[in-house]
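Peer 1: The structure's right below; bear with me while I get my questions together.
The values are calculated or read from the model by the stated rules, or taken from the named source; none is laboratory data. The model shown is predicted, which means the values in this text are computed figures rather than measured ones. Here the Cβ positions follow ideal geometry from the backbone for every residue, glycine too, while neighbour counts run over all protein chains shown.
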Amino acid sequence: MQLLVELSCEYPSLPQSEFTACLEANSITHTLLSANKRLLVVDLGKLEGEEIKQLSERLSLSFTISKLLKATRITTEHALHDILSTARDIDLPAGSFRVRARIYDKQCITEKSDELEKKIGELWPNHPVNLSNPASELRVVVSGGVAHLGLKLTSINRSQYERRKPQFRPFFSPISLHPRLARALVNLTQIREGEKLLDPFCGTGGFLVEGGLIGAKVFGSDIQEKMVDGCKKNLNHYGIKDYEIECKDVGGINFSSMDGVVTDFPYGRASKSVGERHLLFNKAFQSIRHSMKDGGISVTGLPDRESVELGKKHLKLQAIYPCYVHKNLTRHFAVWKK
């Protein structure tokens, strides 16, 4: 089965990496056929509906997953004709339907999304249109000079992350990452249900909440007792019981055999000088390495590229994702392998 995956553009390249990491975590064999910042086309072979459902429940930086039916390259002069000609060949399922179009290459086609939806919908006069609760939804995505047509299989429940924003938790800190970003970074570790996930700077527990909700056994530590207590409150609030949190300096953590690590290194007031920060970060990287299984993946949030260089002494760098967080703060999320 070939899937059409519509991506968010919140962070450059991170949505695509999150999707492929989730495929790896679910042991799904795949071949990437095409990609741009708006969408992926991927061949997943004989994938079952339940596997797609499980995949969608993990994702945070995608919008929809559809079964790709047709794709056609378009030109500005004949875009509408090309799309309608391609759509005519589609054997639409019985029952009600609706068409939803997303035009990202506006220079390729003069029609607006709603106009394109109406013209495509008119191709099947014998199928009832239901805009609120259709039996099927035809997705039309124009991006990269290509019109992709697919039958929607599922949408990503992105509203759940809004409901878990820091201010809605029993204990919160204003500098906590948005749950959508936290989930994506957890997914980059390729952690699986029942495996062990560590955050050695756990703070209020944002990463551990997201890891626990996908079934990981979560472990955390923080040097501040109030953060440890607050983290436990947040985990309990979301029904996560399989956890172990301790109050310790990052150099003294006792956890071992971790399948994955995800953490945001402290910055600002937590490190008064560059020298002190480097000492702390070196100690943290050493502890992360000692706590992980061979082949395990860790994701670390760092303030700059210089800090990334420190990590190379301890772990193998796989990728870096610069992410704007708030105000003038950009974090560099590095993916490592032991």
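Peer 1: Tell me which strands (runs of 3 or more DSSP E) are completely within the stretch 267-338 and hold 1 or more residues being modelled with pLDDT under 95, under 26 Å from CYS22 (Cβ atoms) and under 25 Å from the mean Cα position of the chain (by Cα), or say none if there are none.
Peer 2: 316-326, 329-337
Peer 1: If you go through the stretch 184-198, how many residues are outside any loop (DSSP other than H, G, I, E, B) and surrounded by fewer than 24 Cβ atoms within 10 Å (Cβ to Cβ)?
Peer 2: So the answer is 1.
Peer 1: Being surrounded by 16 or more Cβ atoms within 10 Å (Cβ to Cβ), assigned to a strand (DSSP E or B) and not polar (S, T, N, Q) narrows it down to one residue among HIS127, HIS148; which is it?
Peer 2: Going through HIS127, HIS148 in turn, just one is surrounded by 16 or more Cβ atoms within 10 Å (Cβ to Cβ), assigned to a strand (DSSP E or B) and not polar (S, T, N, Q): HIS148.
Peer 1: Is it the case that LEU208 is of a type in the set (A, V, I, L, M) and touching a strand residue (DSSP E or B) at 6+ places or on another chain (Cβ under 9 Å)?
Peer 2: yes
Peer 1: Sticking with this one: Among the strands (runs of 3 or more DSSP E) contained in the stretch 1-115, which hold 1 or more residues that are touching a Gly at 6+ places or on another chain (Cβ under 6 Å)?
Peer 2: On the way: elements: 2-7, 31-35, 39-43, 62-73, 97-103.
Fully inside the stretch 1-115 and qualifying: 2-7, 62-73, 97-103.
Peer 1: Scanning for something surrounded by 17 or more Cβ atoms within 10 Å (Cβ to Cβ), basic (Lys, Arg) and modelled with pLDDT of 95 or more, does the stretch 89-98 turn up at least one residue?
Peer 2: For the stretch 89-98, residues surrounded by 17 or more Cβ atoms within 10 Å (Cβ to Cβ), basic (Lys, Arg) and modelled with pLDDT of 95 or more: present.
Peer 1: May I pose another question? Tally up the residues in the stretch 1-29 that are out of contact with any Leu (no Cβ under 8 Å at 6 or more places or on another chain) and surrounded by 17 or more Cβ atoms within 10 Å (Cβ to Cβ), please.
Peer 2: Residues meeting the conditions: 1.
Peer 1: Among the residues of the stretch 127-182, write down those that are farther than 28 Å from SER13 by Cα and not polar (S, T, N, Q).
Peer 2: Answer for the stretch 127-182, where residues must be farther than 28 Å from SER13 by Cα and not polar (S, T, N, Q): HIS127, PRO128, VAL129, LEU131, PRO134, ALA135, PHE168, ARG169, PRO170, PHE171, PHE172.
Peer 1: Checking PHE172 against (1) surrounded by 22 or more Cβ atoms within 10 Å (Cβ to Cβ); (2) modelled with pLDDT under 95; (3) over 30 Å from VAL42 (Cβ atoms), which test does it fail?
Peer 2: Only one criterion in (1) surrounded by 22 or more Cβ atoms within 10 Å (Cβ to Cβ); (2) modelled with pLDDT under 95; (3) over 30 Å from VAL42 (Cβ atoms) is unmet by PHE172, namely (1).
Peer 1: Look at LYS119 and say whether it is among the basic types (Lys, Arg) and assigned to a helix (DSSP H, G or I).
Peer 2: yes
Each row is one residue, and each column tells you yes or no for (1) within 22 Å of PHE285 (Cα to Cα); (2) touching a residue at least 12 places away in the same chain (Cβ under 8 Å); (3) among the aliphatic types (A, V, I, L, M).
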position	(1), (2), (3)
GLY220	yes, yes, no
ILE223	yes, yes, yes
VAL228	yes, yes, yes
ASN234	no, yes, no
ASP249	yes, yes, no
